[in-house]
1. How many residues are open to solvent by 50 Å² or more (accessible area, probe 1.4 Å), among the hydrophobic types (A, V, I, L, M, F, W, C) and either without any contact (Cβ under 8 Å) to a residue 60 or more places away in the chain or touching a His at 6+ places or on another chain (Cβ under 8 Å) (or both) if we restrict to the stretch 1-36?
2. Of all residues in the stretch 98-138, count the ones that are part of a loop (DSSP other than H, G, I, E, B), modelled with pLDDT under 90 and polar (S, T, N, Q).
3. Answer yes or no: is there a residue in the stretch 37-51 that is surrounded by 15 or more Cβ atoms within 10 Å (Cβ to Cβ), touching a residue at least 12 places away in the same chain (Cβ under 8 Å), touching a Lys or Arg at 6+ places or on another chain (Cβ under 7 Å) and under 13 Å from residue 138 (Cβ atoms).
4. Looking at the stretch 60-67, is at least one residue open to solvent by 80 Å² or more (accessible area, probe 1.4 Å), of a type outside the set (A, V, I, L, M, F, W, C), outside any strand (DSSP E or B) and under 23 Å from residue 138 (Cβ atoms)?
5. Scan the stretch 1-26 for residues that are touching a strand residue (DSSP E or B) at 6+ places or on another chain (Cβ under 9 Å) and of a type outside the set (A, V, I, L, M) and jot them down.
6. For residue 74, work out the one condition from (1) within 18 Å of the chain's Cα centre (by Cα); (2) of a type outside the set (Phe, Trp, Tyr); (3) exposed (fewer than 15 other Cβ atoms within 10 Å of the Cβ); (4) part of a strand (DSSP E or B) it doesn't fulfil.
7. Regarding the stretch 98-105, can at least one residue be identified that is among the polar types (S, T, N, Q) and surrounded by 17 or more Cβ atoms within 10 Å (Cβ to Cβ)?
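The values are calculated or read from the model by the stated rules, or taken from the named source; none is laboratory data. As the structure is a computational prediction, the values presented were derived from the model and not from experiment. Backbone-built Cβ (ideal geometry, glycine too); neighbour counts: all protein chains shown. For accessibility, only protein heavy atoms count, side chains too; no ligands or nucleic acids. Shrake-Rupley method; radii C 1.70, N 1.55, O 1.52, S 1.80 Å.
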Amino acid sequence: SHLFLLELKVIYAGRAPAAGKVPDDLKEIAAKLSGVLRFNTFEKAGEISVVGKEGDPIIARIDDVYRADLRFGEYDPQSDSVRVSAFQLSRINPSGKDAGQVEPLLTTNLNLRLGQTAVVGATRQPESSRALMLILTARAAE
């Protein structure tokens, strides 16, 4: 069975009167997103890399703020892609009586081409000038 590395970045994207400074590793994504969604500020909320093989369930915490749950599905050699099923991003409640409880923000299934970057918008109100975006890249792990 195949072994995969999944890189996951959580980004706050926003609209501001003046464009903000974009972190170097987000410049390429920022260029894509600013054209499509008119966001001009990008700030990293956290990032992780996880490794797993087909069928593996994964739970990963991202800086104690978010939690990602997913399962690596089958690798498809024809499209050179891996299915990521039951992907869920949740926010972890930091304090109070619900501390540690998770609040689901996004649930989806994805087919990720190896080496290609996928961008998923997680939460956004129409009038909101801020959105939570996920940037996912799957690769074959050695």
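1. Qualifying residue count for the region: 4.
2. Number of matching residues: 4.
3. For the stretch 37-51, residues surrounded by 15 or more Cβ atoms within 10 Å (Cβ to Cβ), touching a residue at least 12 places away in the same chain (Cβ under 8 Å), touching a Lys or Arg at 6+ places or on another chain (Cβ under 7 Å) and under 13 Å from residue 138 (Cβ atoms): absent.
4. yes
5. Within the stretch 1-26, 1, 2, 4, 7, 9, 12, 14, 15, 20, 21, 23, 25 qualify.
6. So residue 74 meets the others, but not (1).
7. No, the stretch 98-105 contains no residue that is among the polar types (S, T, N, Q) and surrounded by 17 or more Cβ atoms within 10 Å (Cβ to Cβ).
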